[in-house]
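Everything below concerns the one structure shown next.
The values are calculated or read from the model by the stated rules, or taken from the named source; none is laboratory data. This structure is a prediction, so every number in the text was calculated from the model and none was measured. Here the Cβ positions follow ideal geometry from the backbone for every residue, glycine too, while neighbour counts run over all protein chains shown.
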Amino acid sequence: MMRDETRRFLPFLLLAASLGCGLNASGLPSLDGGPDPGSPDPGGEIAPPDDAAPPLDDAAADPGPPDDTATPDTPAACGNGVVEPGEECETGGSEPCPTACGTAGTRFCLDCRWGPCAPPPETCNGVDDDCNGRTDEGCTAAVPNDRCAGATDISPGGLFPGSTVGAASDQDHCAISEWCHPGGGDVFYRFTLSAPEVVFLSLQGGPDWDAVLTVRAGGCDGPVLGCDDDACGNHLPQWVGHLDAGSYWAVIDGCEPDDFGMFVLRYAHARCPGTEDPTTLLPGPGTYWDDSCAWDNDSRSACGGEDDADVPMYFALCPGPHTVRASTCDDGEEWPSSLAIRTGGGGLCGGAEATCSGPIYGRIDCDDGRSRVQTTITGPQLVFLLLDGGGPGPQCGPFAITVDF
């Protein structure tokens, strides 16, 4: 009977075990022994299971993050294409900037910070573009006489337009001082004298820059025979002097590295015996004494002196009109004299006679037999003054001549 009842209830026991009605057979794992997988909440997020954390079977949902928790901000990254707060620029960018030497440079962005201002390359413009202390290095000569080997020959004399714009600095000029410094662009000229002559060099036509003139013998690096920076108060040079036969170089340079510009070079030369004596170069207006009998008879004027000893004198005039006067009227001497004023080069003691005077008689303002001349000359110009005899036969003697210009 018991066996039959067992058989009758066995299917129900097996079904109850499979449905998990709280039975726990020894050696079998608990059906609630691990974490539940959880399920989506109405907001679409995964809700934590009720026992995701120990104790596993707490019969309540574990606490979870709010549905609207914000994701932390991403830190600024240099190079992301956007100039973020704290960055100066975006890597790879560039912008114009002024260099230390005043040229237009460019600075570049590296690691979101501006780098130093980079100067531009040299452009052969007479300016130190790349801020290295040199001007137009590596450039092809912008002017034909930028180098000594290309010096312009001015031997015939005349007017020669020129420029130091774009010229390199090949040598230091002769006027280095507290007022002038080396480094200016220079250009070269050369001339040859077949005999001793008076030479006149004047630079004009460029009032807005300060130039220096250096005269050298035998080559561009030869000894300096002439030097001038500002003879006429206009920042432009002028020089006059007596030179022996030979070859000479005239170098036009800037007083400062940033001095350059256009100009016109005037070159005149004339043979005039006796001017090898340095006292014949008049430094300025004044009264000069001597004895003409100690001089030779080398020239004459239209007003006399064919057989008489003559005394040559010369000087240079700056730009502009000048009244030139010379007189022996007050020297108290009794020998007849003549005076002549000549200008320019190309002839004996000047290319052209501007005026002359023979002996003057019967004037209360001039001793008998003496002479006086006056004329207006426009500079720049080379001027010769000749004191000669003025009567029949040889005429010479002590004199005092007053010159004004």
Being surrounded by fewer than 22 Cβ atoms within 10 Å (Cβ to Cβ) and in contact with a helix residue (DSSP H, G or I) (Cβ under 7 Å, 6 or more places away or on another chain) is the requirement here; does Ala309 meet it?
yes
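Looking at segment 192-227, which of the residues that are among the acidic types (Asp, Glu) and more than 26 Å from Gly351 (Cβ to Cβ) is farthest from the chain's Cα centre (by Cα)?
Asp221
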Looking for something touching a Lys or Arg at 6+ places or on another chain (Cβ under 6 Å) and in contact (Cβ under 8 Å) with a residue 60 or more places away in the chain - is there at least one such residue anywhere in segment 356-377?
no
Looking at segment 306-324 only, could you name the residues that are more than 43 Å from the chain's Cα centre (by Cα) and farther than 16 Å from Leu281 by Cβ?
Glu306, Asp307, Asp308, Ala309, Asp310
Given the conditions (1) in a strand (DSSP E or B); (2) touching a helix residue (DSSP H, G or I) at 6+ places or on another chain (Cβ under 9 Å), every one holds for Cys396 apart from (1)
Looking only at residues that are β-branched (Val, Ile, Thr) and farther than 23 Å from Ala316 by Cβ in segment 359-379, which one is modelled with the lowest pLDDT?
Ile364
Which ones in segment 117-132 are under 18 Å from Gly183 (Cα atoms), out of contact with any Pro (no Cβ under 9 Å at 6 or more places or on another chain) and free of Cβ contacts under 8 Å to residues at least 40 places away in the same chain?
Glu122, Thr123
What are the residue pairs meeting all of these: first residue in segment 153-182, first residue without any contact (Cβ under 8 Å) to a residue 40 or more places away in the chain, second residue crowded, with 20+ Cβ neighbours inside 10 Å and of a type in the set (Asp, Glu), Cβ atoms under 8 Å, and 6 or more apart or on different chains?
Ala168/Asp136; Ala168/Asp146; Ala168/Asp186
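One line per residue, one yes/no per condition, for (1) farther than 30 Å from Cys101 by Cα; (2) in contact with a Gly (Cβ under 6 Å, 6 or more places away or on another chain); (3) outside the structural domain of Gly390 (by TED's automatic domain parsing):
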site	(1), (2), (3)
Thr192	yes, no, yes
Ala195	yes, no, yes
Phe200	yes, no, yes
Ala217	yes, no, yes
Pro223	yes, no, yes
Val240	yes, no, yes
Gly246	yes, no, yes
Asp259	no, yes, yes
Asp298	yes, no, no
For segment 85-191, which fully contained strands (runs of 3 or more DSSP E) count at least 3 residues that are over 30 Å from Gly344 (Cβ atoms)?
94-98, 104-110
The correct count of residues that are within 31 Å of the chain's Cα centre (by Cα) and loosely packed, with under 12 Cβ neighbours inside 10 Å in segment 81-94 is 0
Residue in segment 274-290 that is in a loop (DSSP other than H, G, I, E, B), of a type in the set (Val, Ile, Thr) and over 20 Å from Arg147 (Cα atoms) present
yes
From the residues in segment 215-255 that are buried (at least 22 other Cβ atoms within 10 Å of the Cβ) and out of contact with any Leu (no Cβ under 9 Å at 6 or more places or on another chain), which one is nearest to Ser155 (Cα to Cα)?
Gly254
Is it the case that some residue within segment 196-214 is among the acidic types (Asp, Glu), within 24 Å of Pro144 (Cα to Cα) and touching a strand residue (DSSP E or B) at 6+ places or on another chain (Cβ under 6 Å)?
no
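Counting just the residues of segment 105-142 that are among the polar types (S, T, N, Q) and modelled with pLDDT of 85 or more, which one comes out surrounded by the fewest Cβ atoms within 10 Å (Cβ to Cβ)?
Initial filter on segment 105-142 (among the polar types (S, T, N, Q)): 106, 123, 125, 132, 135, 140.
Then keep just the ones that are modelled with pLDDT of 85 or more; that gives 106, 132.
Values: Thr106: 14, Asn132: 11.
Filtering segment 105-142 for residues that are among the polar types (S, T, N, Q) and modelled with pLDDT of 85 or more, the one surrounded by the fewest Cβ atoms within 10 Å (Cβ to Cβ) comes out as Asn132.
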Of all residues in segment 102-116 being in contact with a Pro (Cβ under 7 Å, 6 or more places away or on another chain) and not small (Gly, Ala, Ser), which is farthest from Gly133 (Cα to Cα)?
Arg107
Matching option when the condition is over 21 Å from Gly158 (Cα atoms), in contact with a strand residue (DSSP E or B) (Cβ under 6 Å, 6 or more places away or on another chain), charged (D, E, K, R) and modelled with pLDDT of 95 or more, among Asp331, Asp290, Asp308, Asp404
Asp404
Can you find a residue that is at negative phi, among the hydrophobic types (A, V, I, L, M, F, W, C) and within 23 Å of the chain's Cα centre (by Cα) anywhere in segment 238-250?
yes
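Residue by residue, here is whether (1) over 30 Å from Ala195 (Cβ atoms); (2) buried (at least 24 other Cβ atoms within 10 Å of the Cβ) holds:
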| residue | (1), (2) |
| --- | --- |
| Ser337 | no, yes |
| Gly344 | no, no |
| Gln374 | yes, no |
| Val383 | no, yes |
| Thr402 | yes, no |
